[in-house]
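Novice: If you scroll down you'll find the structure; I have some questions about it.
The values are calculated or read from the model by the stated rules, or taken from the named source; none is laboratory data. Every value quoted in this text rests on a predicted model; they were computed, and no experiment measured them. Cβ: placed from backbone, ideal geometry, glycine included. Neighbour counts: every protein chain shown. The protein model used for the area step is the full one, side chains on, heavy atoms only, and it has no ligands, DNA or RNA in it. Shrake-Rupley method; radii C 1.70, N 1.55, O 1.52, S 1.80 Å.
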Amino acid sequence: MTMSFSESELVKSVEAHLPTDFERAIFRAAVQSFDHEGNALRLNNFATALRELGRIHLELEAPDERVKECDWFEQKTNELGKPVIERAQRAKYAIQGELPDEFVKETLGIEIDDVIRNYTRLIGRLSSYTHITAKTFDIPPDEAVEQATQALEVFDELFMFVRERREAMRQA
């Protein structure tokens, strides 16, 4: 008998990083949905829930007011001209907080650009599965597991990076 996706160490690791009951409930529901192998929408549903979980988590870790106060913050606008805080900016705040880029890079020796880039690429990939098309519907089981695993690896990396870098910055 094979182990269900929900029983994997990676799933347990990602769940352990989630600080609120709400985030853990969303994550468990996403994984539970993914474990229904007969569901042709399993990867689509998982991708949608994981993308939203990332948004919820970053909004908690990087509140608007705090992000906007940072020296490194640059106001962006959406296609309608409305001011927005980009996902990459929230991820940056979650990792480095209010510290200036130069201090983080030169004094602390911490390079966060790759992690932020990987995370934003992942969200783009997850978004492609949230739009159901002939190419994204009923993904073969092995490919679905591979895609879901890769997504969780990036989430786990981001969460670990946030924790490790915050600790390193506190110590420094």
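Novice: Would you check which residues across the stretch 7-54 are within 22 Å of Glu143 (Cα to Cα), of a type outside the set (A, V, I, L, M), open to solvent by 50 Å² or more (accessible area, probe 1.4 Å) and more than 16 Å from the chain's Cα centre (by Cα) and list them?
Specialist: Correct list: Glu7, Glu9, Gln32, His36, Glu37, Gly38, Asn39.
Novice: Output the qualifying pairs, or none if there are none: Cβ atoms under 8 angstrom, residues six or more apart or on different chains, first residue in the stretch 13-31 and over 17 Å from Ala94 (Cα atoms), second residue among the small types (Gly, Ala, Ser) and open to solvent by 10 Å² or more (accessible area, probe 1.4 Å).
Specialist: What qualifies is Ile26/Ala49; Phe27/Ala49; Arg28/Ser6; Ala29/Ala49; Ala30/Ala49; Val31/Ser6.
Novice: I'd like the full set of residues that are free of Cβ contacts under 8 Å to residues at least 12 places away in the same chain and either open to solvent by 80 Å² or more (accessible area, probe 1.4 Å) or among the aliphatic types (A, V, I, L, M) (or both), limited to the stretch 55-73.
Specialist: Glu65
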